[in-house]
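Here, each number is a calculation from the coordinates, and none is a lab measurement. Nothing here was measured: the structure is a model prediction, and the numbers come from that model. In this analysis, Cβ positions are derived from the backbone assuming ideal geometry, glycine residues included, and neighbour counts consider all displayed protein chains.
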Amino acid sequence: MKVFAAVLLLGAVCMAQDKAAPANPLVAEARARYNAVRNNILKAAESMPEENYSFSPSKDERPFLAVAAHVADAQTGTCAAVKGEQKRGDAATKKTKAELLEALKASFDLCDSAFDAMTDASATAINNNRSNLGRMWGNIGHDMEQYAILAAYMRQKGVKPPSAQN
């Protein structure tokens, strides 16, 4: 029995060593959620047919293109601020799927670089009463909200949203 307990304990120690915490666990957790919503938004924008980019469920709602452009422009401002830059997006001026995808990818590239440069120490830096990590979590929440809108539009046009394809 003692041998069994020792083997079990040794196995637990070995497994714990295999699952070492990432170097920056706060940033890593946020980055994982960001990557998930980034992938869903990009796949949604790519899979929605261009003829549906002008779709809006009512005259009071933004069309699909405008929702996706809003994601790009909002996160351009947020991620630039985290990097210490002042930058505004221009995705709202885009008229085609190809133009919008280019702007959306550029905004995600900017956020990727903001995450790449962030450590748990720099995540707590305060700028205009918000921490860098707080800004990034705000961006993630906003992206999730906008993705829900995009997914609803896709379903109304008979297109299966990326998050429903798994």
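Select from the range 114-125 the residues that are surrounded by fewer than 16 Cβ atoms within 10 Å (Cβ to Cβ) and touching a helix residue (DSSP H, G or I) at 6+ places or on another chain (Cβ under 8 Å) and list them in ascending order. Working first, answer last.
If we filter the range 114-125 for residues that are surrounded by fewer than 16 Cβ atoms within 10 Å (Cβ to Cβ), which is where we start, we get 116-117, 119-122, 124-125.
Once the filter is applied, which keeps residues that are surrounded by fewer than 16 Cβ atoms within 10 Å (Cβ to Cβ) and touching a helix residue (DSSP H, G or I) at 6+ places or on another chain (Cβ under 8 Å), the range 114-125 yields THR119, ASP120, SER122, THR124, ALA125.
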- Message: Being in a helix (DSSP H, G or I) and small (Gly, Ala, Ser) is the filter here; which residues of the range 28-54 pass it?
- Response: ALA28, ALA30, ALA32, ALA36, ALA44, ALA45, SER47
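Considering only the range 97-113, state which residues are of a type outside the set (A, V, I, L, M, F, W, C) and surrounded by fewer than 19 Cβ atoms within 10 Å (Cβ to Cβ). Explain how you work it out, then say what you get.
Of all residues in the range 97-113, those of a type outside the set (A, V, I, L, M, F, W, C) come to 97, 99, 102, 105, 107, 109, 112-113.
Those that are of a type outside the set (A, V, I, L, M, F, W, C) and surrounded by fewer than 19 Cβ atoms within 10 Å (Cβ to Cβ): GLU99, GLU102, LYS105, ASP109, ASP112, SER113.
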- Note on the structure: Of the residues in the range 33-60, those that are without any contact (Cβ under 8 Å) to a residue 40 or more places away in the chain, within 24 Å of GLN165 (Cβ to Cβ) and charged (D, E, K, R) number 1
- Item | Which listed residue is under 15 Å from the mean Cα position of the chain (by Cα), surrounded by 12 or more Cβ atoms within 10 Å (Cβ to Cβ) and basic (Lys, Arg), from ARG135, ARG130 | ARG135
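How many residues does the range 24-59 contain that are closer than 14 Å to VAL71 by Cβ and of a type in the set (D, E, K, R)?
Initially, the range 24-59 is screened for residues closer than 14 Å to VAL71 by Cβ, giving 34, 37-46, 48, 53.
Those left that are additionally of a type in the set (D, E, K, R): 38, 43, 46.
Residues in the range 24-59 being closer than 14 Å to VAL71 by Cβ and of a type in the set (D, E, K, R): 3 in total.
For the range 96-166, which helices (runs of 4 or more DSSP H) that fit wholly inside it have 1 or more residues that are in contact with a strand residue (DSSP E or B) (Cβ under 7 Å, 6 or more places away or on another chain)? Before you say what the answer is, go through the steps one by one.
On the way: elements: 97-117, 120-123, 132-156.
The helices (runs of 4 or more DSSP H) meeting that bar are 120-123.
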